[in-house]
Structure formats: structure tokens, C-alpha cells
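Notes for the one structure printed next.
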Amino acid sequence: MTVTVKTVPTTPFEGQKPGTSGLRKKVKVFAEKNYTENFIQCILEAAGESVINGSLLVVGGDGRFFLKEAIDIIIKMSAANGVSRLMIGQNGILSTPAVSSLIRSNKANGGIICTASHNPGGPDNDFGIKFNCENGGPAPDAFTNKMFDISKTIKEYKIAEGINVDLNVIGTNKFDVNGKPFVVDVIDAVANYVELMKEIFDFGKLKEFVSGSKPLKMRIDGLNGVTGPYVREIFVNQLGASDSNVVHTIPLPDFGNLHPDPNLTYAKDLVDQLSAGDYDIGAAFDGDGDRNMILGHKAFFVTPNDSLAIIADFVDCIPYFKKNGVTGFARSMPTAAALDRVAKAKNLEVFETPTGWKYFGNLMDANRLCLCGEESFGTGSNHIREKDGIWAALAWLSIMEHTKKSIEEISKDFWKKYGRNYFTRYDYEECELAPCNQMMTDLENLITKPEFVGKEFSNGGKIYKVKLGDNFSYKDPIDGSVATNQGLRIIFEDGSRIVMRLSGTGSSGATVRMYIEAYEATNVLEAASEMLKPLINIALEISQMKKYTGRDAPTVIT
Ligand code: G6P
Ligand code: ZN
């Protein structure tokens with residue numbers, strides 16, 4: 001079938017600036033005339049001739065409302081802009097880790113992922129679009145800045161309106177666009193990813209552990225996000241778990257009104273179920289499948305910081321690492337430093353990067369980094385270039401199988417060996433932007449004054465002496481690029497820290513994140529909320545949180 005390309009005049013939209021992970025706005029904004037079209041044109045133009053011409057792009061999303069409309073636009077505009085081939089998950093479904101894997105195993109030139117990750121979905125909620133490069137990872141700052149620049153001057157976009165693809169049907173769709181072939185492959189959404197997991201983990205051992213003579217009491221919660229079909233294939237079909245071990249496994253456009261963010265607040269059903277004591281492991285994943293939360297018996301909570309460090313400590317029980325070796329670890333700056341102690345014990349490099357998975361990519365490509373994570377419930381490795389929720393759950397099953405211990409025992413053994421980094425994060429969501437910016441400016445001025453160093457703060461019988469106050473910046477060791485303004489840090493002499501930054505993933509207003517970390521070498525079995533109280537009070541006082549945000553309490557505590 002021959003189709004023609006149309007050039008449509010347009011005018012720029014304000015604020016098409018990708019944040020920590022792509023562009024996220026309300027569905028209503030993406031649905032405005034030309035809004036999505038403009039943004040897709042910016043992606044394709046920023047990708048440039050060499051990527052577009054004759055290229056293969058992987059396309060998919062987390063099943064949220066507006067997915068089909070967005071993919072339809074992406075297909076028509078990719079064809080019009082000279083892309084040769086698209087690979088799209090059936091019904092438009094692909095988890096973020098699956099896209100990363102497909103890009104890598106098909107040597108694609110990149111991918112477009114339609115997701116707002118863990119943000120709620122539905123007509124009144126969020127949509128999002130991000131571009132991943134040929135290494136399978138999120139586009140770096142240089143690329144997203146280029147997209148933003150184009151968005152400010154865009155005058156037209158190209159579209160081939162005659163192209164229509166039935167995303168329900170797996171198969172190859174061929175078109176002729178102005179004399180050039182254009183192919184759309186609708187593919188099975190899970191097969192490639194499942195194969196990858198089978199290469200990384202010992203599915204034979206895990207099957208015996210999950211469904212052998214003594215079946216594991218496990219509850220895997222897809223939160224009605226994209227992981228449902230992956231969870232069913234891996235845990236039920238491959239590892240032999242029963243249907244009752246997996247819940248919320250049908251991707252829904254509004255996530256069934258769940259907030260698909262795997263933490264103690266939003267994955268409340270999982271927490272309640274685990275609290276009742278009937279399960280030995282619980283895991284939940286976010287809307288697009290890259291985040292994870294791990295819970296033990298009676299909802300014993302493993303912080304993402306500890307989860308990362310414990311997996312690092314046990315890397316050898318995962319066949320992938322045993323086979324390929326491990327060169328180094330990394331964590332984002334606000335992530336607690338438990339990992340650093342494991343790195344030291346194993347005599348490996350550990351990197352501290354800004355928030356955002358994209359900062360791990362270069363280190364992985366240069367083979368300096370094999371395992372990394374963030375406090376924001378992201379854990380992953382160099383098997384792909386995104387964090388990976390299901391991978392993290394399989395890593396924990398491998399550790400449980402290897403140690404024959406409970407999650408609580410594994411965690412406590414870890415603290416006894418390395419000490420404990422008590423950690424909490426307070427989020428103040430949807431605050432007014434201007435006063436929050438002011439708060440950050442004032443706080444930066446305060447903590448970067450030379451006389452701030454050495455200052456003592458006391459609360460609840462604890463005294464903390466300031467060692468350093470700064471605004472974190474990062475120089476990429478591989479390409480030398482510099483990211484500034486990545487969060488305010490107050491580091492105390494005993495290694496405890498207060499970190500404050502504004503979220504880069506919200507879709508409206510400002511979200512303030514306050515991260516509190518206190519290290520204890522021996523006093524490791526206390527309640528985190530009690531241990532952290534003094535430092536939390538100090539942080540609230542130094543930042544004057546209430547004055548600037550007008551809030552007495554955070555919206556979410558993790
Ligand atoms: C996404 C990114 C992560 C990041 C997280 C929080 O999940 O992929 O890399 O840590 O958002 O970002 P934020 O800017 O909202 O703190
Ligand atoms: Zn996500």
C-alpha cells in the first residue's frame with residue numbers, strides 16, 4: 001500500500017522539556033491538538049538523520065490511557081520522517097525493561113516509551129513519552145536538551161496519515177511511503193524479556209524453590225501495570241507458582257485506580273496482605289515495570305538502599321554475574337551509602353551519580369559498572385540500560401534460595417556485618433513552585449557559607465556536626481559531561497546526611513524531596529522512624545520546610 005507524507009504547520013508549546021525521565025504531563029495536555037505531534041517531531045529531529053534514516057525503533061508503553069492514540073501518532077510520524085522499521089509490542093504493551101532489552105538484542109537505533117512510570121493513569125491523570133538510545137538506556141542530557149531546543153522553534157511536523165496498524169495482531173505490516181518501504185512488526189510483548197531472565201538466573205533452581213516440595217509463600221503484585229503479562233509468564237508458567245501467588249496482573253488504562261508506585265504508601269494492599277503473616281516474600285512493581293519493592297514475612301520492609309547493597313553482597317549467587325564478573329557498583333547521590341561498604345569489602349569501584357537512571361549508562365557501556373540502584377525503588381544491572389523490577393524480585397528469590405534464610409534474617413545479617421544506614425524520604429507533593437524554588441535558593445546560600453562547616457545541631461539528645469554543605473554536581477568519568485544543581489547535601493562528620501532536591505518527574509507544581517540518612521555501626525536493630533527523628537527535626541528546622549511549603553507533614557514517607 002502506498003502512502004503519502006503530509007507536512008503540517010505548527011507552533012511551539014511551552015515546557016516540552018524532558019525531566020528526570022522523559023516528558024510527563026496530564027493526558028489532557030498530550031491530547032491537545034499538535035502537542036504530541038510536536039514532541040515526537042522533536043524526538044525524531046534530535047535523533048538526527050543517521051538514527052532515523054533506514055533505522056529500526058522499538059515502541060511500546062505501560063498500557064495507560066492515551067497509549068493507543070500516542071502510538072498511532074508515533075507510527076504515522078516515524079513513517080513520514082524516514083524510519084524504516086518499527087517493532088511494537090502487541091496492543092502497544094512493553095515494559096520499560098523489555099524495551100531496553102529489545103533495543104539491545106535487535107541492535108535497534110533506539111526506542112520510544114510511552115509511560116509516566118509510577119504516576120497515576122486515566123483521562124484526568126498523567127501520560128509521558130521518553131526516548132531511549134541505541135544502548136537501550138534513557139537519552140542523556142545532551143540529547144534531551146537538543147529536543148527541548150527544537151521544541152521552542154518548531155514550525156512543522158511530518159505525518160503519513162494513511163498508515164494504520166492493528167496492534168492486536170502479531171505480525172508484519174508493510175507499507176510504501178513515498179516510494180520507500182516502511183515496516184511495522186507487532187511482536188509478542190514478553191518473549192524476548194523472559195529469555196533474557198532465563199539467561200541471567202537459574203530457573204531450574206528457582207522453580208524448585210518456588211513450586212517444589214515446599215512451595216514458597218509468595219505474593220507478586222503487578223499493581224495493574226504493565227508487568228502483569230510478564231509476571232504471569234515468569235512466575236506462574238515458568239516457575240510453577242499458583243495463580244493465587246500473583247495479583248493485579250491485567251494492565252489497565254487507569255491501573256484500576258491504583259497508584260502504581262511500589263512503596264509502603266501506595267502498595268498498601270500488598271503491605272496489608274504481608275502483615276497478616278501468610279507470605280514469606282512480597283514484591284510489587286510500578287506502572288512501567290522498572291521499579292520494585294521487596295517485603296519479607298509480616299511485611300518486613302527492605303529499603304531500596306539495603307536491597308541494592310544486599311544483592312551486591314550476594315552477586316555470586318546469580319549466574320549472570322558469576323559468568324561475566326563484576327567490575328563496579330553505583331548508586332545515585334540521595335541513595336544511602338550501604339552499597340559503598342560492600343564495594344569496599346569486595347575491593348570494587350563505586351560511583352555516586354545524580355538522580356536518574358540515565359547517568360549509569362556511560363559507566364555500564366564502558367564496563368565500569370555492573371550493578372546499581374536508587375533510593376526511589378530502582379535496582380538493576382548491566383543486563384539492560386534501565387532499572388528492572390522483575391529482575392530485582394528474581395535476584396531476591398535467588399538470594400533466599402541460596403541462603404535458605406528469610407528476608408528479615410538476610411537483612412539483619414547484613415546490618416551486623418556492615419552496620420546500618422537508617423534512611424527515610426519525606427515527599428511534599430504538588431507544592432507551589434515559586435516558594436519551593438526560594439526555599440532551595442535560601443538553603444543553598446545558607447549551607448554553602450564557609451561558616452556553616454563545623455556548625456553543630458542538636459535534637460533529641462543527638463548532636464550532629466557539619467562536615468560539608470554543597471549543591472551536588474557530577475562529572476561523568478567517561479565523556480566528561482557535567483551535571484550541576486543536582487541536590488543540596490548537608491553531610492555530617494559521622495557520615496549522616498540530609499539531602500534536599502526538587503523532583504524532576506512530577507507533572508505539575510513542585511515536589512520537594514527530603515532524604516535523611518544516619519549510619520550506625522552497631523546499634524542496628526532499632527526502629528528507623530525513632531532513630532531518624534532527631535535528624536528529621538534538624539532538617540525541617542534548617543530548611544524551614546513549613547514556612548516555604550505551608551505543609552505540616554509530608555504527603556508520602558518512604
Ligand atoms: C524515575 C527515574 C529514576 C529517578 C526517579 C525519581 O523513576 O527513572 O532514575 O530516581 O524517577 O526522580 P525524581 O526526580 O522524581 O526524584
Ligand atoms: Zn517506572
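Every read-out reported here was derived from the displayed coordinates using simple, explicitly stated rules and does not represent laboratory data. Keep in mind that what you see is a predicted model, and the values were worked out from it rather than measured. Please note: Cβ atoms are built from the backbone with ideal geometry, for glycine as well, and neighbour counts cover all protein chains shown.
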Read phi for every residue in segment 152-160 and hand back ³J(HN,Hα) as whole Hz from Karplus 6.51 cos²θ - 1.76 cosθ + 1.60, θ = phi - 60°, with x for Gly and Pro.
-> 7, 10, 4, 10, 7, 9, 10, 8, 10
Return one number: the angle in degrees, 0 to 90 and rounded to the nearest 10, between the long axis of the Cα atoms of helix 407-418 and the longest principal axis of the Cα atoms of the chain.
-> 60 degrees
Hey, what did segment 192-418 get for relative contact order, percent, Cα under 8 Å, at least 6 apart?
-> 19 percent
Taking Cα pairs under 8 Å and at least six residues apart, what relative contact order does the chain come out at, in percent?
-> 13 percent
With 18 Å as the limit, write out which pairs from K130/K180; K358/K467; K76/K158; K205/K404 have Cα-Cα distances beyond it, or answer none.
-> K130/K180; K358/K467
Roughly how many nanometres apart are two label points built 7 Å out from the Cα toward the Cβ at K417 and K207?
-> 3.0 nm
Determine how many Å³ per residue the convex hull of the Cα atoms of the chain encloses.
-> 141 Å³
Segment 494-501 - phi-based ³J(HN,Hα) in whole Hz, Karplus 6.51/-1.76/1.60, Gly and Pro as x = 8, x, 5, 9, 10, 10, 10, 8
In which sequence would T115, T227 go, from the one with the fewest C-beta neighbours within 10 Å to the one with the most?
-> T115, T227
Distant-in-sequence amide H partners of I88 (H built 1.01 Å from N, under 5 Å) | V59, D185, V186, I187
Starting with the fewest neighbours, write out S95, S244, S398, S307 ranked by other beta-carbon atoms found within 10 Å of each beta-carbon.
-> S244, S398, S307, S95
What relative contact order, as a whole-number percentage, does segment 38-191 give when Cα pairs under 8 Å and 6 or more residues apart are counted?
-> 31 percent
Mind checking the angle between helix 96-105 and the chain's longest principal axis? C-alpha axes, 0 to 90 degrees, to the nearest 10.
-> 60 degrees
Quick one: net charge around S55, please, counting Lys, Arg +1 and Asp, Glu -1 for every other residue with C-beta under 10 Å from its C-beta.
-> -1
Calculated from backbone phi, Karplus (6.51, -1.76, 1.60) coupling profile of segment 178-185 in Hz, x at Gly/Pro | 6, x, 10, x, 9, 10, 10, 9
